[in-house]
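Let me begin by presenting the structure, written as structure tokens, before commenting on it.
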Ligand code: ADP
Ligand code: MG
């Protein structure tokens, strides 16, 4: 006979689990508690807006305080607060999310309210760093205040309390092995990391502000100062605004806010803004790229409703774009799941290809709007574009509209322009269009000079992945082949009617050929003695193209 039942989870068992495993990183308790304080504030604002709360809101803020003597950390908000019943329901029932319930109840109006919580577990992360937690809270609806205390066992106390204003104060009694969270510098660091762009002002201590000198003040008088709240966050960061509200200077300013230690200005930015079929906002910046792909600090940051989540966006942003900087904010990216799951997730895939498309569109419009400017930036951005062409088929297809092929004498061609330009003059015996290139025009000077003198276009292709890209282009474009300008193939392109006049006699050529061949004694190379009337090389030593590529 089959039976059905409900597994009974004993709370005694769940607490140590939450403490140990729910979050590997203890520091995120602060993010969770500030998120709850933010939610409480936003909920009250929402209720006031729709006429369900008639209270004087004022300038609501969240305050963080350290009491070193009492070894406590306080998170104080002026949000909607909780009645005794609500504490019973929202706090004493582990894994019941009041945030989810709120969004469900007000789903028609609160969709864009920015409310963060949804697992109903965040509050309990407090026990990762505290051995006792207190809540003093008063509902905006006006019932009396209550005081809840719990030492991390399933037993709590709940009693009436006195509190003037509505809102909530959470008091953490920091445990002895977590005393770092009583240090001002550590809390500042955490607030800067997780809460820097949260939507409600967050106060941590006071700071001194210098005021303007009063009119008529003497030169030697010090400017007056004033003690003001030290607000650590910018509640309305650039990415939450409409592109039409922002100027170039705002984007640059936000870049500095995001990366205070970056002195170099970004080359350009891409404002992301979609709400269907998924919700995503953000600003990506193209920094000047270094040749070294591995060094990457100041990475793209991922946010959810303005709460920092991570700077590891692997799997969400296509790999070639992880070299960019900036922020992405999306409530639709599932968190706390493995990267391989992320890569398979349909919504995440859509996000990733949306970002690729936006970046391609932006590059195209930058190119169209200001070709000269784009050409000047090419060297600093080509690595991303070339990497993208190699790794994302869709990007490869779009890149024809903006990927540039620079020549040794400073022209830049789009692919079609290049092929159009050279297709008549640079054809090999199989009828393929031959694209000549060099990776370093200085050391190959004489070959390059010889080729340009003959009227050929020589590309200067010198990025670390260029040989892969050439292979890809040879494989996907019709009838083209890349040939290094010093390769022996080049000679096959020379139009025989343009006879070159040598300064050497045939005997002289022969003996020169012998001397050089004997000297290098290497079958990989071929020697051609030309000694043209120009200043180009008197002889050319070449290595077949396939030998060279094998070594790359
Ligand atoms: P979640 O935020 O995912 O809903 P939490 O465990 O973080 O879950 O919090 C549980 C519930 O407790 C919240 O949904 C909210 O109803 C209530 N709560 C927590 N902190 C506060 C606060 N500062 N003010 C008002 N209610 C709060
Ligand atoms: Mg929460």
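Between residue 217 and residue 310, what FRET efficiency follows from the Cβ-Cβ distance if R0 is 41 Å, with the result rounded to 0.05? Mind dumping the intermediate values first?
Values: r = 50 Å, r/R0 = 1.21.
With R0 = 41 Å, the Cβ-Cβ based efficiency is 0.25.
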Please give the length that would be gained between residue 177 and residue 517 if that part of the chain were fully extended, namely 0.36 nm times their separation in residues minus their C-alpha to C-alpha distance (nm, one decimal). 114.9 nm
Between residue 376 and residue 3, what is the FRET efficiency for a Förster distance of 60 Å, r being their Cβ-Cβ separation, to the nearest 0.05? 0.20
Calculate, in whole percent, how much of the Cα-Cα pair population of region 161-207 lies beyond 13 Å. 71
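Of the peptides 57-64, 243-250, how do they stack up when ordered by the mean number of other Cβ atoms within 10 Å, highest first? Write out the running numbers ahead of the final one.
Details: 57-64: 16.4, 243-250: 10.5.
The packing order, highest mean first, is 57-64, 243-250.
Give, in nm to one decimal, the length gained when the segment between residue 107 and residue 230 is fully stretched (0.36 nm per residue of separation minus the Cα-Cα distance).
40.8 nm
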Could you pull out which residues in region 378-392 have an amide N less than 19 Å from a spot 7 Å beyond the Cα of residue 353, following the Cα-Cβ vector? 388-392
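Could the peptides 155-163, 407-415, 193-201, 136-144 be put in order, highest first, of the mean number of other beta-carbon atoms found within 10 Å of their residues? Could you put the intermediate results ahead of the total?
Numbers: 155-163: 12.3, 407-415: 16.3, 193-201: 21.1, 136-144: 18.4.
Ranked by mean Cβ neighbours within 10 Å, highest first: 193-201, 136-144, 407-415, 155-163.
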Starting from the Cα gyration tensor of region 296-446, take the square roots of the eigenvalues, sort them a ≥ b ≥ c, and report rounded, prolate or oblate (rounded when a/c is under 1.5, otherwise prolate if a/b is larger than b/c, else oblate). prolate
When the Debye formula is applied to the Cα atoms of region 158-299, each taken as the same point scatterer, what base-10 log of I(q)/I(0) results at q = 0.11, 0.16, 0.20 Å⁻¹? -0.73, -1.13, -1.28
Per the 1/(1 + (r/R0)^6) rule, R0 = 51 Å and r from the Cβ atoms of residue 474 and residue 55, FRET efficiency to 0.05 is 0.15
Need the C-alpha centroid separation for region 39-59 versus region 463-478, integer Å. 59
Quick one: Cα centre-to-centre distance for region 398-457 and region 298-315, in angstrom? 41
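Every number here is computed from the coordinates shown, using simple stated rules; none is lab data. Note that the structure is a prediction, hence the values are computed from the model and not measured. Every residue, glycine among them, receives a Cβ derived from its backbone with ideal geometry; neighbour counts consider all protein chains shown.
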